[in-house]
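For reference, the structure is listed below as structure tokens.
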Amino acid sequence: MGQDQTKQQIEKGLHLYQSNQTEKALRVWMRVLEKSADPAGRFRVLGCLITAHAEMGRYKDMLKFAVVQIDTARELEDPDYLTESYLNLARSNEKLCEFQKTISYCKTCLNMQGTTVSLQLNGQVSLSMGNAFLGLSIFQKALECFEKALRYAHNNDDKMLECRVCCSLGNFYAQIKDYEKALFFPCKAAELVNDYGKGWSLKYRAMSQYHMAVAYRQLGRLADAMDCCEESMKIALQHGDRPLQALCLLCFADIHRSRKDVQLGLLKLHCLCERIYRTKGQQRELRDHVVKFHECVEDMELYCGMCGESIGEKNNQLQALPCSHFFHLKCLQTNGTRGCPNCRRLSVKPGYV
């Protein structure tokens, strides 16, 4: 596969990936990696594979491709390529919580001064190093790195980098319990997404919404927290971002715990009373609690939109669609529909079970 064909296939993969056809994109890129004789093209396609696996949460695969990219950069004997590949190696280790390795690779990037790419990437290197220091709870150094990354973003008018730094600063201030600032920075990130992010990946909106949800919960603004977390989860489901799905589930649990969810309590109460009165044969009281139980189920939408049965009464597998509607897995499989039975949205790419 020559240089021109390599370029065409990489672009084809990018188009598929942006159309949310991730697995097809990965297959195209893997074929390029296997067949291309162009080292620069191989380097670029490895970058695509690293980014895709990072967004899917496949961090071990991300690291594997980052190591191959380092070897390709050495083959090219170009310091710009080498700097970029060390940054990807640092990011891979950051995702795997190998924070000391992350810091070491970031320092290697910063020591490779004088190249065009190194000057452009210094902000991203500082961000990755800041995230690593935060993971090690070295807060002062983490803040210094985030501030340095923010200066690079402002000096180079890099809105995407600024958005990422603001999300990291939101996480930083949430950890040191300054919740006003923990909200301010992801709100700023959300503004950047709204103003500049039409061509960006939806992950930037999802990141800002998740960090806003965390801060809103800590500030007691639970309705706002729920709205932001639902928006983040919807995007995570659409893009198969399982790490973000897991973070959103934890946030949902924290929100319910914070508000001591009365509806869930009432649901359990009516269910327990129904069993008691059924055992005693007290039909009038039994009917009252059955009605109230189903009213709670209806209010909380705890039912399958296909068969109408309550969700959670039996040990059945559930399936979430990208529109956030839940169904019994067996009902979806039996129905064979290509759209959500509730809202009729066409995409039924599975979320999480």
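The values are calculated or read from the model by the stated rules, or taken from the named source; none is laboratory data. Keep in mind it's a predicted model, so treat the numbers as computed, not measured. Ideal geometry is used to build each Cβ from the backbone, glycine not excepted, and the neighbour counts take in all protein chains shown. The area values use the complete protein model at the heavy-atom level, side chains included, leaving out ligands, DNA and RNA. Shrake-Rupley method; radii C 1.70, N 1.55, O 1.52, S 1.80 Å.
Before moving on, here are some points about what is shown:
- Only one entry of Val165, Val125 meets the criterion of being among the β-branched types (Val, Ile, Thr), assigned to a helix (DSSP H, G or I) and modelled with pLDDT under 95, and that entry is Val125.
- Of residues in region 92-111 being open to solvent by 50 Å² or more (accessible area, probe 1.4 Å) and closer than 27 Å to Gly41 by Cβ, the one nearest to the chain's Cα centre (by Cα): Lys95
- Contact map, region 28-52: residues that are acidic (Asp, Glu) and modelled with pLDDT under 90 paired with residues that are in a helix (DSSP H, G or I) and open to solvent by less than 20 Å² (accessible area, probe 1.4 Å), Cβ distance under 7 Å, separation 6+ or inter-chain. Pairs shown: Asp38/Thr6.
- Residue within region 70-82 that is in a helix (DSSP H, G or I), among the hydroxyl-bearing types (Ser, Thr, Tyr) and within 18 Å of Ser201 (Cβ to Cβ) present: no
- For region 194-248, the set of residues classified as crowded, with 24+ Cβ neighbours inside 10 Å and more than 18 Å from the chain's Cα centre (by Cα) consists of Tyr216, Arg217, listed by residue number.
- Of the residues contained in region 35-57, one or more are found to be of a type in the set (D, E, K, R) and within 20 Å of the chain's Cα centre (by Cα).
- With respect to the conditions (1) open to solvent by 40 Å² or more (accessible area, probe 1.4 Å); (2) more than 24 Å from Ser126 (Cβ to Cβ); (3) of a type outside the set (Ser, Thr, Tyr); (4) part of a helix (DSSP H, G or I), Phe184 lacks only one, and its number is (2).
- Residue that is surrounded by the fewest Cβ atoms within 10 Å (Cβ to Cβ), among those in region 130-176 that are β-branched (Val, Ile, Thr) and over 16 Å from Lys107 (Cβ atoms): Ile176
- Pairs meeting the criteria (first residue in region 3-22 and among the small types (Gly, Ala, Ser), second residue surrounded by 13 or more Cβ atoms within 10 Å (Cβ to Cβ), beta carbons under 7 Å, at least 6 apart or on different chains) are Gly13/Ala25; Gly13/Val28; Gly13/Trp29; Gly13/Cys48.
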